[in-house]
Amino acid sequence: MALIASTGGIGAAIAAKQATSTIPIVFTAGDDPIKHGVVASLNRPGGNATGIYNFISSIEAKRFGLLRETVPTTGSIAVLLNPNYLGFDVQLKDLQEAARAVGQQIGVFNASSEADIHAAFRAMARLPAAALLVGADPFFNGRREQLVTLAAHYSVPAMYELREYALAGGG
């Protein structure tokens, strides 16, 4: 029996769903699979797709608050987001609202390539950023070693979405 294991986030789940309506699909996603039409509901997904929705993209404001508590600062906090990520608009809105609610300045830096990540860190150094929140995104997860290395190089405390960043030396 064939099965599609879609582990690349909501974009990969959408692509798998568009590719077939008969082969079973099991996905992991950090963005809402109902909103993106992958499943009908969480408790009764229907169709040929089912999976895990880990709500990671929907807790950016909470992670922002934790970062502020961990690295108390009056300086600006940098936020690294991927504008090509399907959850980008929600992430950006939630982080802007959370920052506004506590009077915290944030600098939003966009990156959707390895070169963009390097450019974002150079720009953060000019800000300068007192801390960095890396947005939840499969693209960034695949570049965690690059992100951890650059955060260390620029001496910026960073918060990431997964423990794998800590295992790669991030903290």
Residue ID - modelled with the highest pLDDT, chosen from residues in segment 54-81 that are of a type in the set (Gly, Ala, Ser) and crowded, with 21+ Cβ neighbours inside 10 Å: Ala78
By residue number, the members of segment 99-126 that are surrounded by fewer than 19 Cβ atoms within 10 Å (Cβ to Cβ) and assigned to a helix (DSSP H, G or I) are Arg100, Ala101, Val102, Glu114, Ala115, Asp116, His118, Ala119, Arg122, Ala123, Ala125, Arg126
Has segment 36-46 got any residue that is at positive phi and out of contact with any Lys or Arg (no Cβ under 7 Å at 6 or more places or on another chain)? yes
Would you be able to tell me the number of residues in segment 1-54 that are under 15 Å from Leu86 (Cα atoms), part of a loop (DSSP other than H, G, I, E, B) and among the small types (Gly, Ala, Ser)? 4
Quick one: is Gly51 within 29 Å of Gly37 (Cβ to Cβ), crowded, with 16+ Cβ neighbours inside 10 Å, in contact (Cβ under 8 Å) with a residue 40 or more places away in the chain and out of contact with any helix residue (DSSP H, G or I) (no Cβ under 6 Å at 6 or more places or on another chain)? yes
Could you please give the count of residues in segment 109-144 that are acidic (Asp, Glu) and in contact with a Leu (Cβ under 9 Å, 6 or more places away or on another chain)? 1
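The values are calculated or read from the model by the stated rules, or taken from the named source; none is laboratory data. Please read all numbers here as calculations on a predicted model, not as lab measurements. Here the Cβ is made from the backbone with ideal geometry for all residues, glycine too, and neighbour counts use every protein chain on show.
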